[in-house]
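Heads up: the structure comes next, in structure tokens.
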Amino acid sequence: MTFLAALAELRDFAADIGSFAAAAVAISMILTGRATVRTFARRRRSP
């Protein structure tokens, strides 16, 4: 009984980590996307 409860808590904890990791990846992708856009604009300006 206690083991199953611990497994359930561990599964919920893993799900929270997964959603947090997904959010972190999305944020990093957005930030890197902005960075690449900036560098692309800089390259376009300079011949």
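Observations on the model:
- The angle between the Cα long axis of helix 2-45 and the longest principal axis of the Cα atoms of the chain comes to about 0 degrees, rounded to the nearest 10.
- Compactness relative to 2.2 N^0.38 Å, alpha carbon Rg of the chain: 2.13
Quick note: the coordinates plus some simple rules give every number you see, no bench work behind them. From a predicted model like this one, the values you see are computed outputs, not experimental measurements.
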